[in-house]
Amino acid sequence: MRVRCGACRTQFEVAGSGRYACPVCGSVNVVRAAGPQDQAEGGFFEQQAPPPALPRITCPECEFSFVVGRIAVATCPNCNAQVPTGQDVEEDREQ
Ligand SMILES: [Zn+2]
Ligand SMILES: [Zn+2]
C-alpha cells in the first residue's frame, strides 16, 4: 500500500500496517492498514437496528405468504384474492 510521509509528504510503498522510516527524511511514520475497523471509527457505519420489516401476510384463499407495503388491502400475487393486511392506513377508506 502507498502512504505519505507526515513530515515531508513523500509517498512511499509499505507492505502493510507498522512503523516505517521515510526513505527521504527518515521520519518514522505509523501506518495503519485500511480496513473495516477503521471505517467504523468514523461512526457512520455503526450497526443500527434494522428498519421495521414490511409485514408478511398469508392469503386465506391459497395460503400463499407474501410481503405487503403500507396498504390496507393487498392483492395476492398467487390467486389475485383481495387480502386485508390488517394495517390501519389513512388512505383508501372509502369502503
Ligand atoms: Zn519524509
Ligand atoms: Zn392467494
Inset, instruction - Highest first, please rank the peptides 5-18, 66-79 by the mean number of other Cβ atoms sitting within 10 Å of their residues. - result: 66-79, 5-18
Legend entry - FRET efficiency estimate (nearest 0.05) - Cβ-Cβ, Leu54 to Ser17, R0 41 angstrom: 0.45
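A short reminder: the numbers here are calculations on the coordinates, not readings from a lab. Since the structure is predicted, the reported quantities are computational estimates derived from the model, not experimental observations. Ideal geometry is used to build each Cβ from the backbone, glycine not excepted, and the neighbour counts take in all protein chains shown.
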